[in-house]
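The next block holds one structure in the form of structure tokens; read it before the comments.
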Amino acid sequence: MLVRVLVALRAAESRHRWVQLLPQEGVVSLEFGESDDLWALIHETDFDLIVLERGRLPNPPSAGVRQIRALPDHPDVIVAVDHEDPEERANLLAAGCIAVINVAVQDPTLRDTLHAIVQRRRSETDRRLDMTEGVPPGSTVGTVPSRGLLGLTARSMPMQRLLAQARLIADSDTTVLITGETGVGKEYLARAIRADSHRSGGPFVPVNCGALPEGLLETELFGHERGAFTGATRARRGFFELAHRGTLFLDEVAELPFHLQVKLLRVLEDRRVQRVGGESSFLVDVRVMAATNRDLEEEVARGRLREDLYYRLAVVTLVVPPLRDRAEDIPDLVRSRFRRLTDLSGKRGREIGPDAMEALCSYAWPGNVRELFNALEQVTILSSRPVVEVADLPHRIASGRKGMPGSDSGGLSEAESTDVLTARPPVDKVNSFAGVALDGEWAQTKDAVLAKLESAYLDRLLTQTAGRVGLVASRAGLSPRTVFALMKKHGLTKERYRRK
């Protein structure tokens, strides 16, 4: 996190000295001299550390320290004094003052003290920001990826390939786009990558772009100054500022409104943030990871996502496979999660029976790992048998139903997906040009044959991919925009190819 420091010493020479001795990286400092508006500034602006003289505190001084510490940001307070008073020092420290420093202290000592106080403040805030709640899809240990990528279950080849890619980019600062269906564990993968990076000691700040109202999203991301809009009575830092020296995770990034996409692109390119209502910008050191369950190439083609932002986000793209494509991982996931749930609920020693495990492995899991973990939690609460049987499982799983299709599965179960990918259209769609006169002029005949070929080619790819335009574009080596244009030309719609 960026640490904001207010140095409110009356003498300009003293202010400059303290500012110069503060850490220069990751610190935004403001000097404040003689003015009657000091307390208004303190109450209206977000600061992490406030340096002021004993004479600028009300009587008793300890009351002023308590007032500052009670502000929303709970800033640390350093009181500068020009003479030693042991009793007053004790009262100030008891009121919450972090340090009482004599203005005559030598530069090396003052520098070391300020650096230690700033680092302490940053570390405490980073720990508070490093939220650990949530379900860990793919984890074999706890709810926190303490072992990073090693804590993810990967017996299946799709998952092994994914983790091999993730390890290659874990310790870099490159922007990462994580895609996959709802519930596959995109945020947990991002946390695991961060845990294996040099930013593991910094904050991890997750932002759900789809959950925040559009009117609040800009100020939440970039912060705002006092008076930037009606109701902005105090300045507030944004998520980029909070994630300084750490990782910002933008979930559902495709939900960003168009005007914020421009601002996000600017921050990604020059790493400078300007608060809403602010006149200046400041540098941030943030690694950005983004996630979505949408086809971003299709969003670009439809004009809902800026193409330049897409390329800036997708420097590296990781695709998390749905659970139905990594069935080999299900037994380990089940045993690990069930063991944790039973330990937490005081029902240690229970296990999943072989028939129940078979039912869990054969279910299609349209809700992916999230649905699996929720089902296991239900079993833990409602079943009292030492060995869980099929009858203890939720009915949809026990009955062998494949479940509703996942949000991005195109309505396909595992078996259906395999059938679609191996399906073949009628032979005449590929090899025949019925209705095309082959004895006419070359130009007209060529155009007619090409149109027939285009239609048949698109029909086949759309059939194989269940209407996924982004995948069609990738296989054809075309842009999604070109694919949409060809589909429109031949009267083809992706909805026609989606399995009901």
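The values are calculated or read from the model by the stated rules, or taken from the named source; none is laboratory data. Quick caveat, the model's predicted, so the values are computed rather than measured. Positions of Cβ are backbone-derived with ideal geometry, glycine not excepted, and every protein chain shown enters the neighbour counts. Surface accessibility is based on the protein's heavy atoms, side chains included, excluding ligands, DNA and RNA. Shrake-Rupley method; radii C 1.70, N 1.55, O 1.52, S 1.80 Å.
Things to note:
- Accessible surface comparison of TYR457, TYR497, probe 1.4 Å, protein chains only, largest first: the order is TYR457, TYR497.
- Over region 190-256, the hull volume per residue, using the convex hull of the C-alpha atoms, is 77 Å³.
- Separation between Cα centres of region 86-103 and region 338-396, rounded to whole Å: 57
- The 3J(HN,Hα) values that the Karplus relation (6.51, -1.76, 1.60; θ = phi - 60°) gives for region 448-457 are, in residue order, 5, 5, 5, 4, 5, 5, 4, 4, 5, 5 Hz. Gly and Pro appear as x.
- Here the peptides 236-248, 204-216, 304-316 are ranked by packing, the mean other Cβ count within 10 Å, and the order with the highest first is 236-248, 304-316, 204-216.
- Peptides 363-370, 441-448, 265-272 ranked from most to least packed by the mean count of surrounding Cβ atoms within 10 Å: 363-370, 265-272, 441-448.
- Packing rank of 103-113, 179-189, 325-335, where each peptide gets the mean count of other beta carbons within 10 Å, highest leading: 179-189, 325-335, 103-113
- Per-residue ³J(HN,Hα) for region 349-355, Karplus 6.51 cos²θ - 1.76 cosθ + 1.60, θ = phi - 60°, Hz, x for Gly and Pro: x, 6, 8, 8, x, x, 5
- Tensor-based shape of region 244-287 (alpha-carbon gyration tensor, a/c under 1.5 rounded, otherwise prolate or oblate): oblate
- Whole-number percent relative contact order across the chain, with pairs defined as alpha carbons under 8 Å at least 6 apart: 12
- Reachable aspartates and glutamates, given that their alpha-carbon falls under 18 Å from the alpha-carbon of LYS347 and they are not under 8 places away in the same chain: GLU377, GLU389, ASP392
- Gap separating the Cα centres of region 236-312 and region 190-222, nearest whole Å: 10
- Relative contact order, percent, region 441-500 [alpha-carbon distance under 8 Å, six or more residues apart]: 35
- Three-way shape call for the chain based on the alpha-carbon gyration tensor, with the a/c threshold at 1.5: oblate
- Cα-based shape type of region 233-342, given that a ≥ b ≥ c are square roots of the gyration tensor eigenvalues and the cut on a/c is 1.5: oblate
- Proximal charge balance of GLY64 [Cβ under 12 Å; K/R count +1, D/E count -1]: +3
- Among the listed pairs LYS452/LYS488; LYS452/LYS494; LYS186/LYS263; LYS263/LYS494, those beyond 22 Å (Cα-Cα): LYS186/LYS263; LYS263/LYS494
- Our estimate of slack between ASN208 and GLU307, defined as 0.36 nm per intervening residue step minus the Cα-Cα distance, is 33.5 nm.
- Inter-label distance, nm, simple model (7 Å from Cα along the C-beta direction), TRP39/ALA116: 3.2
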